[in-house]
1. Inside segment 59-70, can you point out the residues that are in a helix (DSSP H, G or I) and either touching a strand residue (DSSP E or B) at 6+ places or on another chain (Cβ under 7 Å) or modelled with pLDDT under 80 (or both)?
2. Which of the residues that make up segment 1-18 are at pLDDT below 70 and in contact with a helix residue (DSSP H, G or I) (Cβ under 9 Å, 6 or more places away or on another chain)?
3. So for segment 21-38 (the condition being modelled with pLDDT of 80 or more, under 14 Å from the mean Cα position of the chain (by Cα) and part of a helix (DSSP H, G or I)), does at least one residue qualify?
4. Keeping to segment 79-93, report how many residues are in a helix (DSSP H, G or I) and out of contact with any helix residue (DSSP H, G or I) (no Cβ under 8 Å at 6 or more places or on another chain).
């Protein structure tokens, strides 16, 4: 168990507890592992929240092959868009929402035009 404190003037609010199973690590070694682990955790969090993997039950090897590569590519796409933004505080969720809004700005007029140009057949197929 490691205990860190980031603000010596206010230690109770900044104290963090870190646990691990590798007992011979120093504090820096544990932080290095946690930094890598954080990347893994945020990847899975984005996969669940942004891409819906928490609604997909992966039961077979084939399911993994069908689902994970496209979502990993989409995650890379979001990260690339995020790296091009001038606002460094944007998350991948922010990028996804911004992209979604831009796409809807393009698609909505096309859909409305398509609906408006369909003849009214009174529910009968032509």
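1. 61, 62, 63, 64, 65, 66, 67, 68
2. 2, 4, 5, 6, 18
3. Yes: one or more hits.
4. Number of matching residues: 3.
The values are calculated or read from the model by the stated rules, or taken from the named source; none is laboratory data. What you see is a predicted model, and the numbers here were worked out from it, not measured in a lab. Reconstructed Cβ throughout: ideal geometry from the backbone, glycine too, with neighbour counts over all protein chains shown.
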